1. Checking Ser196 against (1) in a loop (DSSP other than H, G, I, E, B); (2) more than 20 Å from Glu131 (Cα to Cα); (3) modelled with pLDDT of 95 or more, which test does it fail?
2. Please verify whether the stretch 201-218 includes one or more residues that are modelled with pLDDT of 95 or more, exposed (fewer than 14 other Cβ atoms within 10 Å of the Cβ), among the hydrophobic types (A, V, I, L, M, F, W, C) and assigned by TED's automatic domain parsing to the domain that holds Thr244.
3. Scan Ser10, Ser16, Ser60 and give me the residue that is modelled with pLDDT of 80 or more, in contact with a helix residue (DSSP H, G or I) (Cβ under 9 Å, 6 or more places away or on another chain) and surrounded by fewer than 18 Cβ atoms within 10 Å (Cβ to Cβ).
4. One residue is enough: does the stretch 233-256 have a residue meeting the conditions among the charged types (D, E, K, R), at pLDDT below 95, in a loop (DSSP other than H, G, I, E, B) and over 16 Å from Tyr171 (Cα atoms)?
5. Which of the numbered conditions does Gly309 fail, given that it passes all the others? Conditions: (1) touching a Leu at 6+ places or on another chain (Cβ under 7 Å); (2) under 27 Å from Leu140 (Cα atoms).
6. Answer with yes or no whether Cys327 is touching a Cys at 6+ places or on another chain (Cβ under 7 Å) and either of a type in the set (A, V, I, L, M) or closer than 17 Å to Ala110 by Cβ (or both).
7. In the stretch 320-357, which residues are modelled with pLDDT of 95 or more, outside any loop (DSSP other than H, G, I, E, B) and of a type in the set (Val, Ile, Thr)?
8. For the stretch 51-73, what are the residues that are more than 27 Å from Gly116 (Cα to Cα) and hydrophobic (A, V, I, L, M, F, W, C)?
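The values are calculated or read from the model by the stated rules, or taken from the named source; none is laboratory data. In this text, all values refer to a predicted model and were calculated from it rather than measured experimentally. Heads up, the Cβs are rebuilt from the backbone with ideal geometry, glycines too, and the neighbour counts pull from every protein chain shown.
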Amino acid sequence: MIIIVIRISSISLESSSRLQVLGRESGAEAGGEQQVVVSWSNIIGVIGRDLFIYCLHRLSRWEYGAIASLNRDFNSVVRNGDIYRLRRKNGVTEHWLYLSCGNNPTEWEAYDPSTGRWIQVPNMSGIDFWESLAVGTDLLVFGDYGRVAWRYSILTNSWTLLADDMNTPRYCFGSASVGEKAYVAGGADSSHSHLSSAEMYDSETHTWTLLPSMSTARFGCSGTFMDDKFYVIGGITSSLEVLTCGEEYDLNRQSWRVIDNMSQGLNHTDDGAAPLISVVNNELYGADYSENNELKQYDKLGNKWITLGKLPVQSKQKGWDMCFRACGDRLIIIGPPIHSTVEKVLELHSWTPDEQPPVWNLIATRPYRGDWILCAVMAC
């Protein structure tokens with residue numbers, strides 16, 4: 001039997017068109033190792049496609065662009081999505097933040113918090129866009145009261161119009177994603193009627209499926225996943241009543257449960273942004289963008305919010321100029337600097353919850369010349 005060890009590194013990808021393959025006969029004496037140089041062009045034929053994908057799936061996403069550029073076979077392997085399916089199956093995940101800072105709603109960039117690198121995303125076409133969510137290897141962006149949706153795929157590094165619309169196109173809805181599926185609920189339709197309906201998007205098939213409706217129609221709500229359930233929090237009714245109840249959707253039972261006063265203690269007004277919430281390690285956090293400017297944590301047993309400390313940024317537009325996202329095991333808050341006269345800058349701060357008072361770290365700044373921020377985290 002021959003054991004083959006493949007040496008793959010970013011250095012070999014960028015500086016060499018050939019690959020070192022070490023072959024050793026089973027039971028051979030020490031030093032009986034033979035080195036064979038194999039061209040990148042036929043390595044898949046040497047070790048097989050499945051083993052090649054297995055070797056690649058634990059590399060950083062940063063490496064895949066260089067690999068895809070080497071030849072047509074490698075490009076096909078990277079672009080068909082099998083690597084990301086294997087990563088998902090084996091729990092290999094990187095969290096990248098996709099951000100549009102209001103300078104131009106068609107301009108996006110991606111940020112890798114683990115390396116501090118920024119990646120330019122191709123510009124998209126179209127009108128103003130108001131909502132975004134990331135699911136699987138896709139970034140979905142919605143505009144024109146939900147009637148227009150674009151999909152950015154990291155597999156092709158390109159934008160396309162989303163072919164399959166929601167069953168009920170909507171805007172200002174709550175959403176969250178897990179794996180290759182995203183869930184949306186509430187919002188308003190193109191005639192501005194408030195909605196209680198919910199839908200699930202499958203990024204593998206690019207299709208929408210209707211789910212049972214919530215008990216209450218709500219506009220301007222937020223969504224998140226916690227304890228394997230989809231939560232929708234906040235929002236307002238058609239009579240502009242601010243809702244403090246939340247709703248929990250059980251994916252297995254396919255039913256909703258109302259949780260009274262779930263967002264009581266988080267700021268929310270009829271003209272402010274939806275509640276800023278995120279989940280890390282199945283713990284729910286909220287960014288209070290009122291004058292209090294506080295980070296809070298949800299007490300599940302007591303059904304109440306506990307103040308942990310102050311936020312490192314402060315909204316000047318009732319929360320519309322802020323984003324609050326979970327990025328793996330860390331929280332990231334984006335917004336205007338506190339007590340700053342510079343109005344055209346946003347700061348990105350991160351904190352990893354550790355049962356201690358929050359100590360925020362400034363990780364980046366971005367120019368800001370808009371009215372709101374679009375932001376989504378892709379985990380793949």
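1. (2)
2. Yes: the stretch 201-218 contains one or more residues that are modelled with pLDDT of 95 or more, exposed (fewer than 14 other Cβ atoms within 10 Å of the Cβ), among the hydrophobic types (A, V, I, L, M, F, W, C) and assigned by TED's automatic domain parsing to the domain that holds Thr244.
3. Ser60
4. Scanning the stretch 233-256 turns up at least one residue that is among the charged types (D, E, K, R), at pLDDT below 95, in a loop (DSSP other than H, G, I, E, B) and over 16 Å from Tyr171 (Cα atoms).
5. Of (1) touching a Leu at 6+ places or on another chain (Cβ under 7 Å); (2) under 27 Å from Leu140 (Cα atoms), only one is false for Gly309: (2).
6. no
7. Scanning the stretch 320-357 gives Ile332, Ile333, Ile334.
8. Leu51, Phe52
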